[in-house]
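Written out below as structure tokens is the structure these notes cover.
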Amino acid sequence: MSIIALLYCLLLIVVSAIGLTWYGRLTVPFKILTFSVLAVLLINVLSAIYSSKYKNNAPILQAESIIEYLFYSATYYYLFKSKMIRMAIIGSMILVTIFFFINALFLQPFHKVFPTNIYLPTQVLYVIFSLLLFKQMLLYPVNINIVKQSVFWYNTAMLFYATTMFLTLGLTNYYSAHKINDYAIYYFWYFSSFIFHILIGVSLLAYNRKINTAHAR
Amino acid sequence: MPGENISTLILATAVLFAGITGFIIYFIILYRNKQLINKQEQERLQSEFRNEILRAQIEMQEQTLTNISREIHDNISQVLSFVKLDLALTDGMAEPDKQQKINSSRELLSQTINDLRNLSKSLSFEYIAVNGLVKTIETEVERINNSGLLGLSMSIEGESYSLGEQHELVLFRIFQEALNNTLKHASAKHLKISLQYFNHLFTLTLEDDGDGFSKELRYNQSGSGLKNMENRAVLIGAVATIESSPGKGCCIKISLNPLEQQVYADGNYPNSPG
């Protein structure tokens with residue numbers, strides 16, 4: 001395991017520790033978010049093990065693509081007030097899960113290929129959810145400083161994550177097509193993952209029950 | 001080439017970060033403006049709410065004074081004059097007749113004392129705050145029934161709970177206004193009052209058997225009490241439904257979800273996404 005990967009795991013441990021410390025006070029979406037960080041931590045450890053033992057972490061990355069989507073979209077499900085959007089999120093969870101199995105069985109084999117077919121559409125969905133949540137925030141503003149609002153930090157994290165992942169995937173494809181060494185992408189991916197989980201950590205630290213009880217269902 | 005790769009990546013990253021940062025800054029500015037507008041609107045609504053509560057209190061006091069003066073004029077002073085006259089007639093009466101007059105005067109006096117005691121339970125805001133809406137309406141029903149002006153019947157469904165002092169004050173003022181309308185304009189003989197207390201719904205219904213009125217008449221009357229009732233109901237987050245037609249009486253129904261707090265009543269926005 002490289003130093004950067006170890007540092008990343010350390011960050012995930014710290015963020016999940018924040019979530020678990022506050023767990024009893026968190027509302028449902030932020031409890032799910034805490035579990036998502038734990039899941040990412042577990043996946044990273046497994047990925048490192050698979051890489052060193054089998055020289056192939058594709059199955060883990062395949063599993064990560066669907067697990068991440070289910071966690072993040074479930075978090076969004078609880079944050080939205082609109083019934084229509086909530087139903088659409090449930091629908092997307094079902095469709096993405098079905099597509100995940102089709103993709104893993106027929107298009108991008110589970111044990112061989114990184115599942116770009118899953119990552120690309122889910123990143124687009126994250127951007128849509130994020131923009132819709134920002135819109136919802138504008139429709140129902142609260143008289144509390146925005147930097148103390150965990151929803152704002154979570155949503156910013158998701159917007160950042162989805163757009164950088166999109167860029168990462170795009171550049172990876174480009175570099176691979178032009179047979180260019182992609183070590184820079186590797187560090188860029190870690191860099192954006194660091195920022196993403198730092199923002200998630202901030203959202204859990206800035207957690208304000210007064211604001212977020214509205215989202216707990 | 002590694003140098004080229006990195007510069008492409010740095011450029012792409014810079015553009016992306018600039019875009020995201022720009023968007024976030026724009027969002028924060030928009031959000032702050034919204035917060036400001038929202039705060040101003042909230043303050044305006046709070047001030048309107050306070051004014052309306054004050055107006056309702058003043059109107060209730062006026063109504064109370066009118067009731068007291070009417071009661072003193074129509075009942076107490078009449079009885080006392082009668083007693084005075086009766087006692088004046090006892091001069092030169094035979095002892096048994098005199099005793100009978102004195103006894104009947106004593107009875108009348110004790111009835112007047114009772115009436116005065118009832119009157120002292122003035123229907124003020126403090127009375128609602130201490131006794132609650134149900135008891136206050138019951139007292140009013142008893143007073144009107146005793147006066148013989150109108151036959152009132154009251155029913156309560158479910159276990160009563162407090163709706164909050166200000167909400168109950170406004171509801172009572174609506175009730176008082178509806179009762180006044182029935183007494184003054186409806187030519188009704190009977191008014192049925194029902195209060196329903198459910199978990200997520202409170203309803204106050206007033207149904208009279210009076211003349212009723214047409215829709216046109218309702219909307220033509222400028223500054224009508226009916227409009228007042230509707231506005232007051234909206235103020236506490238309730239819905240007023242007024243149904244009437246000529247010759248078929250009038251039914252006023254006020255529905256309120258006690259769990260839904262109003263932004264101007266408590267200064268919070270419970271449904272905000274934050």
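Set side by side, the residues A:Ser193, A:Ser203, A:Ser150 differ, and just one is buried (at least 19 other Cβ atoms within 10 Å of the Cβ), within 19 Å of B:Gln35 (Cβ to Cβ), of a type in the set (Ser, Thr, Tyr) and more than 7 Å from chain B (Cβ to nearest Cβ), which is A:Ser150.
Among the residues of segment B:143-194 satisfying the criterion of being in contact with a Ser or Thr (Cβ under 8 Å, 6 or more places away or on another chain) and part of a helix (DSSP H, G or I), which is nearest to B:Ile58 (Cα to Cα)? Within segment B:143-194, the match that is nearest to B:Ile58 (Cα to Cα) is B:Phe172. For segment B:109-142, the tally of residues that are modelled with pLDDT under 85, of a type in the set (A, V, I, L, M, F, W, C) and part of a helix (DSSP H, G or I) stands at 6.
Among the residues making up segment B:28-80, those that are among the β-branched types (Val, Ile, Thr) and under 30 Å from B:Gln111 (Cβ atoms) are B:Thr64, B:Thr66, B:Ile68, B:Ile72, B:Ile76, B:Val79.
One residue stands out in segment A:48-91 among those that are more than 13 Å from the chain's Cα centre (by Cα), of a type in the set (S, T, N, Q) and at pLDDT 85 or above: the one that is surrounded by the fewest Cβ atoms within 10 Å (Cβ to Cβ), namely A:Ser82.
Scanning segment A:158-182 for residues that are facing another protein chain (nearest Cβ under 8 Å) and in a helix (DSSP H, G or I) yields A:Leu159, A:Phe160, A:Thr163, A:Thr164, A:Leu167, A:Leu171, A:Tyr175. The residue that is nearest to A:Ala5 (Cα to Cα), counting only those in segment A:41-55 that are polar (S, T, N, Q) and touching a residue at least 12 places away in the same chain (Cβ under 8 Å), is A:Asn44.
Taken as a whole, the condition of being more than 11 Å from chain A (Cβ to nearest Cβ) and surrounded by fewer than 16 Cβ atoms within 10 Å (Cβ to Cβ) does not apply to B:Glu71. Is there a residue in segment B:66-79 that is among the acidic types (Asp, Glu) and modelled with pLDDT of 80 or more? No; the residues of segment B:66-79 include none that is among the acidic types (Asp, Glu) and modelled with pLDDT of 80 or more. Taking each residue of segment A:1-24 that is in contact (Cβ under 8 Å) with a residue 24 or more places away in the chain and looking for partners that are outside any helix (DSSP H, G or I) with beta-carbon atoms closer than 8 Å, six or more apart or interchain, yields A:Cys9/A:Met1; A:Gly19/A:Leu26; A:Trp22/A:Tyr207. Regarding A:Asn155, is this residue over 13 Å from the mean Cα position of the chain (by Cα) and part of a helix (DSSP H, G or I)? So A:Asn155 does not fit the description; no.
Out of everything in segment A:128-141 that is within 9 Å of chain B (Cβ to nearest Cβ) and in contact with a helix residue (DSSP H, G or I) (Cβ under 6 Å, 6 or more places away or on another chain), what residue ends up being farthest from A:Trp189 (Cα to Cα)? So the residue we want is A:Pro141. Checked against the criterion of being within 23 Å of A:Lys135 (Cα to Cα) and either modelled with pLDDT of 85 or more or of a type in the set (Ser, Thr, Tyr) (or both), segment A:5-22 contains not a single residue that satisfies it. On the stretch given as segment B:16-58, residues that are more than 9 Å from chain A (Cβ to nearest Cβ) and over 42 Å from the mean Cα position of the chain (by Cα) total 5.
The values are calculated or read from the model by the stated rules, or taken from the named source; none is laboratory data. None of these values were measured; they are calculated from a predicted model. Every residue, glycine as well, gets a Cβ built from its backbone with ideal geometry; the counts of neighbours run over all protein chains shown.
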